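**Q** My questions will all concern the structure given below.
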Amino acid sequence: MNPTTEDDDLLLQRASANLLAELRTRIDKVLWKKASASRDVARTPHRYVKERDLWRTLALLDPFQGDPQLLDTHLKFLLPPLVDAYLQTALSKEHIDSTKPFVPLPRAVCCILNSFCKVRGEKIIIGFLNNEPRHLEPILSAFERGTVENRDSTKRTKNPGLVWEERYILLLWLSHLLLVPFDLASISAPAQQCASLPEDLTGLPKDLPGIPIRILPIVLLSLRSATKERFAAAKLLVKLCLRPDMRAAGLLDCLTNWALASVKASETKSVHIHKNIGLLSFLSGLVSSGTVEEIGKYLAPIYHTCAALPEEVSSSAVARKLVIKTYREIANHSLQPRVDFPDLEGVMEEIIESLLQSVGDGDTPVRYAASKALSVISLKLQQDMAEEVIEAILGYLNENVLWEGNIRDLRAVDPLQWHGLMLTLGHLLYRRAVPNSQLPAVLNSLILGLNFEQRGTTGGSIGTNVRDAACFGIWSLSRRYTTKELDSVDTREVHSVNDVGETQSILRALAVELLVAACLDPVGNIRRGSSAALQELVGRHPDVVDHGISLVQVVDFHAVGLRDRALGDVALASGRLSPLYRRALFSGLMGWRGIGALDAASRTVAAKSIGKLSMFDNFEHVDTCSGAIQTSLAETPKRDVEKRHGIVLALTYLVEECVESSMTDSKAIRATCSLTQLWQLFDGPLALKEENFTSVSLRPEVTAISILSLISALAELSLFVIQSSSSAVAQWNPRVMQTLDYCLRRTEDSVHSAIPSCVQRLGLLLPKEERRSISKSWMDTFTYGSKISSRPSGHAIALGAIYCTIENAAQRDHTAILDALASRCSDIVAIEARVVAVKSIQLTFPAIKLDEPKLISKVAEALVTGLNDYTINQRGDVGSLVRLEAITGVSNAWKQGLLSHGFDSAGTEQDIFAAMLRLSVEKLDKVRNQAGQCLDELESTSVNPSTFSSFGYFRHRLSSVFEPPIKPRWARRGVLAGYVTAAGMGSESVLQASRLALVDLLETMPAEYSHPDDGSILDVANILTELLRDNLGTDRVVLPLLEVIAFLFDAGFLQKLVGTEFK
């Protein structure tokens, strides 16, 4: 990722004002009819909304899911109009059918409100719903009408009734309206006992008011739903049962006993999973919202019911989460004074044991619920029992931990269990439930969690959530514990603290760990979480962390959002603050978060940072860093390709930084000279076999790129040392050339891009005769009939690169190289090999002198061959790849003055310019655009790339050769040769624009010549006829040409030639 690219949250913040303004506009458009200008009347809501407008409105809310707080200040303007529009529609009691592509307004409002609940949370949105008691009746009636329509099969096709979004919003609204502070009997109309209740619901109070009687069938039906309305129904039922008037009427006892009996009955009957989850939601809501006086007598029955759930129900993650929430509230109620709970101690042990098992659950919501429940319960327990719980958590963290000397090996532990345990420690610290005596052990676990990483069977990371939970734990510790309490922790007892070379307090150790995580972690959320925890640590404990304020300013929450920026700019800026931070960052960059990262881009940035960090201290530190990198390289297995790639790149950038510093600081020359010993690595850890460059499983292109970069850096280093100090360079290692030959056999573009600088620097380091010998051996690989003659080998790139380092004895060597490369431009070799050959020829341009016409002629002929490559196979017009590269070559040759250009050119140079004119108007967009840009640079004009397919562009190209004074015939022929492909068989937009430009040109022309310098329709027709005669065997030209001629007949231009010399 480009380090200058802005992260999404910053883009969202900048765009939020426009998005919210558009959202308000769209909501008004969806809800209200246009107000009359003649009189001041209340706005009238629509009856229907277009589906297209509704989805566009919902799409404006989706971006805010990443940062929903941006909506808070605007909710008071966005939500009340939705509520008002719905109430106006509901109060009208008008029946509105559903007809596509239209949506009834009430349904559209509920869909928008549901989207708000999804983005911002229902607890926030429900507060904006109107809670006036007078609206209870119309909303309940609207729900009842929709429920009846759902049951009526005769109306189902015309109006399916309420969709689940409507039922969900209305249930939430009804639960909000039930907060009325007076009895429901005072606002209820008389109602008969409803007959649509479950058969097993017996003992329902007979004197219930009308509103509960109408609500119960709706709620009990929604409890069986598979959507969010199930939880809204449970919330409504809980609020209804816990009302004082309903408890007095016996509704709480009736529904609680019914729910318990229904869940128990599922042990013997067929299980309806959604019904049981709905009932569990109701029971969980009761123990969460009710007081001991209200539901105390049901705590034990609810606990035993949850503990005995059938396997079909407990297999649901939602059910397990509800059970854990229920256990938490039961424990909270039972641990209160004056609560008589049978066998309380045994029940607490069972609950805690169950929660400890649940923190390793395979579903994340269950682990979150279990960790929170453990922390809440531990806070209520006596101190000795709470300490036992924490000891149990720490004991689970030591399971399956292997030791390699003094280093813990966490590869065998369960990452899901560690995630839950880290979350539990974080919640315990947030509630200050961890005593000071256990802080060292807890901190040791948190630091281990912050550095936790496991790789899956496919090589992917599976330790992200553990590190995230550890960030939360350290943030909680920094927030809840005082500086004095944390300073009392002995750092020597926290064994996981990295050894950074000096004694320090635990706060400084935590700051270093958070800094490393904030700069190097591969996951953006972890980097930001570490940054937030570091800010909390520095802010809550001032004057403890070295350069704390400056560090927080550098490691900003937004600055670490992009990994390239965090690995590069932020890490380097932090390293400048203190040697302590530099050593910690260097150590981290040498690990799995730096040069051992999963992606090559991150390893490259990490290697650059290692090179720059090594130069911050005095130059004696360079040897230390180099030694550490070499040691890591020696310990890396040969098959660990990714890590070796990162290590070799780290050596590369270390050498490059050292050479760059030596150019401006003479004190660095001695340290630079010592690095020439790195050549000996090719006799040791880098003595790679051929399989490392050929086996697909070993990712040979990655190895080749890193090796080429290192050879290039070492060659530059050796050249600098020779030039600056006349010191003897380390003995030349012949194995380097063998390794280089392995790299040159690769065909990837990424490898080819690293070859030129490597070969040129290495060529200058070699004796002259050896350069000639090597170039000859590379030319021998192009012998036709050999195994690699037709492949796009890197030897061609190397040959062009070494061209500049070879002295041209009577032009024999240079001529031989250009002949070899030019032969690769023909159709004898594969198309990719031709592209590589044209690229290689461009590398020779800096060494070709203007007084070498034979060499320039060979270059020009090769470029003409590339510009006219129209090879077509099953992949399509693959010759366009060669044409594109040839266009780049022509542009570079023109810029360097090797070739002349313009309408006065002659010979091969004229052929090149004519071909460029042809390609600038051909049908393929990429080719046309690149050729057009090249010609525009010659004309010193600036054209927007998006206009290369426009009428204006085609008209400009035609005018440049046909309008007075007309250009030479070869130029006009070149333009028309390419033009007919666009006007005859181009894409629809190109065909229309090009034909319109041709018509516009011909309308300004006379039929015959009126002056030698004027264009005419006869001239155009003659050139088209000539093209047809010369290309009768070329379908690529003939077919579009006939299309253009037919078009000119249809347009009536060729009929104007009657009576002229046209034949």
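**Q** Any chance you could count how many residues in the stretch 893-904 are touching a residue at least 12 places away in the same chain (Cβ under 8 Å), in contact with a helix residue (DSSP H, G or I) (Cβ under 7 Å, 6 or more places away or on another chain), part of a loop (DSSP other than H, G, I, E, B) and under 15 Å from Pro853 (Cα atoms)?
**A** Qualifying residue count for the region: 3.
**Q** To continue, here is another question. Determine the pairs where a residue that is within 18 Å of Leu881 (Cα to Cα), located within the stretch 851-866, has a partner that is outside any helix (DSSP H, G or I) and not hydrophobic (A, V, I, L, M, F, W, C) with Cβ atoms under 8 Å apart, the partner being 6 or more residues away or on another chain.
**A** Thr865/Ser826
**Q** Evaluate the following for Glu485: is it at pLDDT 90 or above and exposed (fewer than 15 other Cβ atoms within 10 Å of the Cβ)?
**A** Yes, satisfied.
**Q** Can you go through Pro101, Pro3 and tell me which one is at pLDDT below 85, in contact with an Asp or Glu (Cβ under 6 Å, 6 or more places away or on another chain) and within 30 Å of Asp556 (Cα to Cα)? Can you show your working first?
**A** Details: Pro101 fails: within 30 Å of Asp556 (Cα to Cα).
Of the residues listed, the single one that is at pLDDT below 85, in contact with an Asp or Glu (Cβ under 6 Å, 6 or more places away or on another chain) and within 30 Å of Asp556 (Cα to Cα) is Pro3.
**Q** I would also like to ask the following. Look through the stretch 488-513, keep the residues that are among the hydrophobic types (A, V, I, L, M, F, W, C) and modelled with pLDDT under 85, and return whichever of them is farthest from Phe586 (Cα to Cα). So that I can check it myself, show each step before the final result.
**A** Of the stretch 488-513, the ones among the hydrophobic types (A, V, I, L, M, F, W, C) are 489, 494, 497, 500, 506-507, 509-512.
Retained after the next criterion (residues that are modelled with pLDDT under 85): 494, 497, 500.
On the way: Val494: 21, Val497: 15, Val500: 10 Å.
The extreme case among them is Val494.
**Q** Could you please find all residues in the stretch 957-988 being modelled with pLDDT of 90 or more, farther than 16 Å from Ile1045 by Cβ and open to solvent by 30 Å² or more (accessible area, probe 1.4 Å)?
**A** Once the filter is applied, which keeps residues that are modelled with pLDDT of 90 or more, farther than 16 Å from Ile1045 by Cβ and open to solvent by 30 Å² or more (accessible area, probe 1.4 Å), the stretch 957-988 yields Trp970, Glu988.
**Q** For the stretch 1027-1063, what are the residues that are hydrophobic (A, V, I, L, M, F, W, C), open to solvent by 80 Å² or more (accessible area, probe 1.4 Å) and in a loop (DSSP other than H, G, I, E, B)?
**A** Here is the first cut: in the stretch 1027-1063, the ones hydrophobic (A, V, I, L, M, F, W, C) are 1027-1028, 1032, 1037-1039, 1041-1042, 1044-1049, 1051, 1053-1054, 1057-1058, 1062.
Among the residues that remain, those that are also open to solvent by 80 Å² or more (accessible area, probe 1.4 Å) are: 1032, 1039, 1042, 1049, 1058.
Leu1032, Val1058, listed by residue number.
**Q** So is Leu260 aliphatic (A, V, I, L, M) and farther than 15 Å from Ile277 by Cα or not?
**A** Numbers: aliphatic (A, V, I, L, M): yes; farther than 15 Å from Ile277 by Cα: no.
In short, no.
**Q** Can I ask one more? For the stretch 883-892, enumerate the residues that are within 16 Å of Leu850 (Cα to Cα) and out of contact with any His (no Cβ under 9 Å at 6 or more places or on another chain). Walk me through it before giving the result.
**A** So the first thing to find is which residues in the stretch 883-892 are within 16 Å of Leu850 (Cα to Cα), and the list is 890, 892.
Residue satisfying the conditions is Asn892 alone.
**Q** Among (1) among the β-branched types (Val, Ile, Thr); (2) touching a helix residue (DSSP H, G or I) at 6+ places or on another chain (Cβ under 6 Å); (3) surrounded by fewer than 16 Cβ atoms within 10 Å (Cβ to Cβ), which single condition is Ile1023 missing?
**A** (3)
**Q** I've got another one for you. Give Pro205, Pro212 a once-over and let me know the one that is more than 41 Å from the chain's Cα centre (by Cα), modelled with pLDDT under 90, more than 19 Å from Arg167 (Cβ to Cβ) and not basic (Lys, Arg). Explain how you work it out, then say what you get.
**A** Values: Pro212 fails: more than 19 Å from Arg167 (Cβ to Cβ).
After ruling out the rest, the residue left standing is Pro205.
**Q** Let me ask something additional. Pairs under 7 Å by beta carbon, first residue assigned to a helix (DSSP H, G or I) in the stretch 64-92, partner open to solvent by 30 Å² or more (accessible area, probe 1.4 Å) and among the basic types (Lys, Arg), six or more apart or different chains?
**A** Pro68/Arg120; Leu71/Arg120; Phe77/Arg24; Leu78/Arg24
**Q** Would you pick out the residues in the stretch 1027-1055 that are aliphatic (A, V, I, L, M) and over 15 Å from Gly984 (Cα atoms)? Can you show your working first?
**A** Step one: of the stretch 1027-1055, the residues aliphatic (A, V, I, L, M) are 1027-1028, 1032, 1037-1039, 1041-1042, 1044-1046, 1048, 1051, 1054.
Once the filter is applied, which keeps residues that are aliphatic (A, V, I, L, M) and over 15 Å from Gly984 (Cα atoms), the stretch 1027-1055 yields Leu1032, Leu1054.
The values are calculated or read from the model by the stated rules, or taken from the named source; none is laboratory data. Source: prediction; values computed, not measured. Backbone-built Cβ (ideal geometry, glycine too); neighbour counts: all protein chains shown. The accessibility values were calculated without ligands, DNA or RNA, using every heavy atom of the protein model including side chains. Shrake-Rupley method; radii C 1.70, N 1.55, O 1.52, S 1.80 Å.
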